[in-house]
Every structure is written in C-alpha cells, then in structure tokens.
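Just below is one structure, and these are the notes that go with it.
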Amino acid sequence: MSILIKRSKSGCFNSACNVKLWRLNSTSADSALKKGEEEEEFRVLDILKKRDKMQRRVVKRTDVQPDRIDRMATNQNWGNVWPGPKTFHPSSVPLPIRQGYVPKGQAPPGKKANAELMKIPNFLHLTPPVIKSQCEALKQFCTEWPNLLNSEESIEKHYPLEIISSDYCHASPSIRNPLARVVILRVQLADLKLDKHATDKFKRLVGDRYDPKTDLVTITADRCPTKVQNLDYVNYLLTACYHESWNFEDWEKEKTEDDMEYYDWDNNASKRSLIDWYLRVKNELKIMNDEEYKAFDISQIENGAQYKASVSKYMNEGENPQTVQEYSIAVRKLFGLPQKKLV
Amino acid sequence: MNAIRSIWRLTPVRGVTIPNYAIRSLSANTTALPHAVEPVVPPVELDKLYKRVELEMRGIDPAVLLSYSWFCVAAASHLGIEVTKSWALRKAEKERHTLLKCVHIYKKHKVQYEIRTYFRFIHMQRLTGSTCDTYLEYIERNLPEGCALKVTKIECQKLPEHLVPPKKESEE
C-alpha cells in the first residue's frame, strides 16, 4: 500500500520512462536492486512483512508529578498560590480536609477525588492577609466621613432629605432587576419651611404619604423605567406639592368648621355656652353675634383658660382617661365645686 | 416594491440635508468662537453622603453566606467603615410545591418539594460616596456562586434651594 501511495505521489507523470526513479523511492524494491539491476523482476507482494517490520510503539510511562503541596514552603505567600476564585483542587491545598456524608462511625472521605469539596464555592482566595492587602490597595479610593457630622441630629439638621434606592447583584440570565428603578424620598415635615396654612394644605396634598406619628413624608416613585427618571420624578413631586401648598386659592376661603383639621375652641359652641353662662351669672346677658363671641376675652372668666385647654385637648386627642380627668378637674374648678376625692 | 421606491425617494433628501446641517454647525462655530475663549470651569462634583447602607444577601447555602458575610465585615473594618449590625434569619425561607405522588390518581398521597433560601443582613452607616462605591465594587466582585446581594442605600441630601417660601411680590 505504501508503494502505491508513494508512486502516485512521486511519479504520476511519465511513469514508463522513469521506472528507476520510483523504484528507488520505494522501500521494498531496494533488495531487488541490490541483486542485479539489469534483471527486471516483478515485485513480490510481501504479505507478512517479514523483511522490515514496523517498529513497535513503546508506550512511555509519563512520570506522575508529585503533589504541589509537597513542594510548598511553609512561609509561602498563599495569595500567590490561590490568587482568584477557583474550584477546589486537592493537590494545591495543603490542608487535611475531609468532607462528605457517611454512615455513623465512619470517617468522611479525604480531599482527593472528593466531589463534595468541588461543589461548594470556597473562599481560599479571600484569606485574612489577602483581604487586608487588597483593602490597603483600595484605601486610596476611599474618603473620610466629615468629622462634624458625627451624630444623627447633626446629619438630620444639615442633610434632612433622604433618598433611598436599591441595587441588585445576582446571577441570572439578565443582570437587570426591575426593582432597582424604585426611588423613595423621605423628609421630615418640620424641616420644610411651611406656615400654618401651607402645612395643612401640604398634608392634604400628600395624603397617606404623611405619617403623623413620625412626622415623615415618604414619596415613592416606581412608574418610570429607570432610576434616574424616578429620582427626577420624586424631586418634581416634592417641589410641586411644596409650591402648591403655598398657593392660596379663592375657594379655600369657603372652609367651614367641618373642614377644620383640628378643633379650634374659639370658633366652637363650647365658648359660646361658656360666655352665656358667665354673663347670665353676672346678670349681664345680651345677644351677641359670632364676631363678638370670637373676640370675647376669656381671661376675665376665672379658670376659663384651663377649661379651654382641657376641652381642646379632649377634642383633639380623643377620649382617654387622662383627658377626661383633666376635663372634670377644669369643670369643677370653673363651677367652684369640690374636687373629686381620690380613693 | 413601493416601499423600496419610497426609500429610494427619501435617500437623496437625506443626503441633501446632512450637508446643510454641517454648514449650519460650521457657521455657528465661527460666530461662537470669540465667546468660547473663556475657560469652562467644570462644576465641582461633591461626594455623596450615605447615612446608612444595608446589605441583604440571600443564598442556597448558609455556610457560604456565613463566610461571605465574614469577608464583608472584614473588608469593611479594613476600609474604616462602621458596621452597626450583622445578623441572619433563624430559619430559611421555604418555597414549597405540593404535587400528587402518582400523576393521575391517589389523591391522598402527595410529595412536597421545597426551595430553601437563607438570608443574611449587614447594616453599616456613614459612608461617603467614593468609599461606598469602592467597597461595593470589591464585595460584589467577590460574590460567590449561588448568592445574591441587595444593597439599599440611604443617601442624605440637602434640601433643594428652590424649596423656599415664595415672596409676596412674586405672587402679585
């Protein structure tokens, strides 16, 4: 077979005239040439290949390298051995680790050819000295927190506005997380410069975004697709509400007693009945209009101020044992009745 | 075919308009040159201030989460970040699916599969913007497989300057 191939390679052109050439090329014809060149012979097919046998392939045994751990120095820099995150490799970790679940009484399998050790992500690249050296290198990019902002009060005083947003880092087909677009703005109502009317209007505008217990206004924006847009939108909402609350519209003059956000004693029937009672006691009863009732100075009535305070508190805070007790004390003082004896 | 024709019609128009813009911009440049001599001072970019940064890490393996949180706390202490809290939920959050053991019959025999998610939390406070970016970049790059990280940043800002009561004159 090799002859045929060699022939086709070397002398596909003029094979008839150049017989010797391809004979010289072929290996099996060499012996025939030695016998006599002048005697033309047919070549013999050597089936068993007795003459020159193919050299046998010697299977070389590769030397198994000794474990890397055997050549490790005890004072080596571990960070150079294991520089980055990698699957566990038994021959480069010089620790007698065992891992695996076995029946009771048996020792867990060792580190060689142990799939359990390869499954779990290891932290061999983040040893304490490595973390320390990496942090030393990173420290040049860090800045100090300002010294004067050393308490919560000072931070809240100088930087009252809070912007809350989240970032997400996870392994999934997409690195985007739709929740990252949400932006929350939080500010204390007391920090905004608002007057009495504007505060009331601002509370009505933001509705349940205002929490009376903590005095915080929380505005959440998630309707835009990106974080920057939501941040802009949140700032826009705060600005719009703020300036709208300072506007005084014509229809706001039609606010009646039912629309009041708190109980104002001076405008209510309680003051009228107190004045009527006072004047009747003095025999000076006269018919007064609303303006006169409002303008009436109650400081001339003995214990009137305390009565006013207790009634206002009762109406504003609601009925609870304390307000009821204060009310009873105020009424008894007003009428000159003896105080309730404590049992 | 009609569409191709329309495109064909459109293309020369575009070709004409582009040089027009070019000329316009050139002329604008020539007029603006004397004004552009003044050096443009870039606005000073102030560092952000983060009052609090809350890390929430969730994963499928509590041991890995523990190591990772240990790493986060160590890195924070080396970078001078104040860690206020670090804790884990006592139990994993389990998402369960109940299926029939046999697909079609035997309703009384069911199997339950569950996915457990373990949580860990770290709170830190008072970071400047550059510190926060450096630190987060560092720990996010070393996030192990099978873990997810959620970072909630509470940034504190000054009140915007336009939030001042309007003047009486401007109202009238």
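The values are calculated or read from the model by the stated rules, or taken from the named source; none is laboratory data. Quick caveat: nothing in here was measured; it's all calculated off a predicted structure. Cβ sites come from the backbone with ideal geometry, for glycine too, and all protein chains shown count toward neighbours. Just so you know, the surface numbers come from the protein's heavy atoms only, side chains and all, with ligands and any DNA or RNA stripped out. Shrake-Rupley method; radii C 1.70, N 1.55, O 1.52, S 1.80 Å.
Key figures for this structure:
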{"quantity": "Degrees separating the helix A:321-335 axis from the principal Cα axis of chain A, which is the longest one", "calculated": "10"}
{"quantity": "Nitroxide proxy distance, nm - points 7 Å out along Cα→Cβ at A:GLN325 and B:TYR106", "calculated": "6.9"}
{"quantity": "Normalised contact order of chain A, rounded percent, pairs of Cα under 8 Å and 6 or more residues apart", "calculated": "7"}
{"quantity": "Which of A:THR239, A:THR323, A:THR87 is most accessible, then next, and so on - probe 1.4 Å", "calculated": "A:THR87, A:THR239, A:THR323"}
{"quantity": "Averaged over B:49-60, number of beta-carbon atoms from partner chains that fall within 10 Å", "calculated": "2"}
{"quantity": "Cross-link partners of A:LYS49 among lysines (Cα-Cα below 25 Å; sequence separation of 8 or more within a chain)", "calculated": "A:LYS6, A:LYS9, A:LYS20, A:LYS34, A:LYS35"}
{"quantity": "Solvent-accessible surface (1.4 angstrom probe) belonging to A:GLU116, in square angstrom, nearest 10", "calculated": "80"}
{"quantity": "Entries in A:LYS294/B:LYS167; A:LYS271/A:LYS333; A:LYS86/A:LYS119; A:LYS203/A:LYS253; A:LYS201/A:LYS253; A:LYS255/A:LYS308 that, when Cα-Cα distance is taken, lie over 20 Å", "calculated": "A:LYS294/B:LYS167; A:LYS255/A:LYS308"}
{"quantity": "Interface burial for B against A (accessible surface, 1.4 Å probe, total of both chains, Å², rounded to 100)", "calculated": "4300"}
{"quantity": "Reachable lysines, given that their alpha-carbon falls under 20 Å from the alpha-carbon of B:LYS91 and they are not under 8 places away in the same chain", "calculated": "B:LYS150"}
{"quantity": "Value of [θ]222 nm, deg cm²/dmol, for chain A, DSSP H segments ≥ 4, -39500 (n - 2.57) each, nearest 500", "calculated": "-11000 deg cm²/dmol"}
{"quantity": "Most to least accessible of A:CYS135, A:CYS169 (protein chains only, probe 1.4 Å)", "calculated": "A:CYS169, A:CYS135"}
{"quantity": "Top of A:SER154, A:SER165, A:SER312 by mean-square fluctuation, Gaussian network on chain A, Cα under 10 Å", "calculated": "A:SER312"}
{"quantity": "Average other protein chain Cβ within 10 Å of Cβ, residues B:74-85", "calculated": "3"}
{"quantity": "Cα centroid of the stretch A:136-203 to Cα centroid of the stretch B:99-172, whole Å", "calculated": "14"}
{"quantity": "Heavy atoms of B:PHE71 accessible to a 1.4 Å probe, total area in Å² rounded to 10", "calculated": "0"}
{"quantity": "Folded to 0 to 90 degrees: helix A:196-206 orientation relative to chain A principal axis, Cα", "calculated": "40"}
{"quantity": "Accessible area in the full protein assembly, largest first, 1.4 Å probe, for A:VAL58, A:VAL311, B:VAL83, A:VAL228", "calculated": "A:VAL58, A:VAL228, B:VAL83, A:VAL311"}
{"quantity": "Neighbourhood net charge (14 Å Cβ-Cβ; Lys/Arg +1, Asp/Glu -1) for A:VAL130", "calculated": "+2"}
{"quantity": "A:MET315 - accessible surface, heavy atoms, 1.4 Å probe, Å² rounded to 10", "calculated": "100"}
